[in-house]
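Below you'll find the structure, written out as structure tokens, and then a few comments.
The values are calculated or read from the model by the stated rules, or taken from the named source; none is laboratory data. Computed from a prediction, not measured in an experiment: that's the story for all the values here. Here the Cβ is made from the backbone with ideal geometry for all residues, glycine too, and neighbour counts use every protein chain on show. Accessible surface areas use protein heavy atoms only, side chains included; no ligands, DNA or RNA. Shrake-Rupley method; radii C 1.70, N 1.55, O 1.52, S 1.80 Å.
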Amino acid sequence: MATDAFEEIAETFEFLDDWEDRYRHVIELGRAMEPLDEAFRVPATKVDGCASQVWLLPQIEGAGRGAEFRFRGESDAMIVRGLIAVLAALYNGLTVEEVLRVDAGGELARLGLNDHLSAQRSNGLRAMVERIRFLAGEAAAA
């Protein structure tokens, strides 16, 4: 289950043969994101387990399992900012119930990210996915 925005990224990756081109594309996705205001870069939105500093701000509309999930994010590292943009494409606009059903590992594997990210970046990506799932789970239970 992937959003149209994520499918677009996956299709673009199919046309980019070289990993360095893909890497640049991820960075460009991050540059295109609206920056997260400094006021939201607080301990409550910080993601632990990332080598870089990462903040994810949930924006959930509605209540219960049908609430619409969105988040904004920020990082001090350009590639990580791009990974946040990829995750936003994967999750934003889904219901919190759908977020919990997404096979993030499988979807991200389509992009080949785990084959080309350092162990620290891969761990950080997993930490961001875990935080997103936690936030969706909290919203689903509300």
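Extension gain for the segment L100 to A10, taken as residue separation times 0.36 nm less the Cα-Cα distance, is 30.3 nm to one decimal. Surface composition of the chain: carbon and sulfur atoms hold 48% of the protein heavy-atom accessible area at a 1.4 Å probe. If R0 is taken as 22 Å, the Cβ-Cβ distance between E130 and A39 corresponds to a FRET efficiency of 0.35. Under 5 Å between amide hydrogens, built in the peptide plane, is the criterion, and for E74 it picks out W55 among residues at least 5 positions away or on other chains.
Between segment 7-69 and segment 106-142, the C-alpha centres lie 10 angstrom from each other. Sequence-distant contacts, meaning Cα pairs under 8 Å at least 6 residues apart, place the relative contact order of the chain at 30 percent. Accessible surface area normalised per residue over segment 57-129 is 41 Å², counting heavy atoms of protein chains with a 1.4 Å rolling probe.
Couplings 3J(HN,Hα) for segment 8-17, derived from phi with the Karplus relation 6.51 cos²θ - 1.76 cosθ + 1.60 (θ = phi - 60°), are 5, 5, 4, 5, 4, 4, 5, 7, 8, 6 Hz, where x marks Gly and Pro. Couplings for segment 48-54, taken from phi via the Karplus curve 6.51 cos²θ - 1.76 cosθ + 1.60 with θ = phi - 60°, read 7, x, 10, 5, 8, 7, 9 Hz in order; Gly and Pro are left as x. Based on the convex hull around the alpha carbon atoms, the chain presents an average projected area of 7.8 nm². For an R0 of 35 angstrom, estimate the FRET efficiency from the Cβ-Cβ distance between H116 and R65 and round to the nearest 0.05. Step by step, r from the Cβ atoms, then E = 0.50. Taking the charge dipole of the chain about its Cα centre, with +1 at Lys and Arg Cβ atoms and -1 at Asp and Glu Cβ atoms, the residue from M33, V96, T3 reaching farthest to the positive side is V96.
Give the residue list of trypsin sites (Lys or Arg not before Pro) in segment 88-130 that are DSSP loop and have at most 14 other beta-carbon atoms within 10 angstrom. Answer in residue order: R110.
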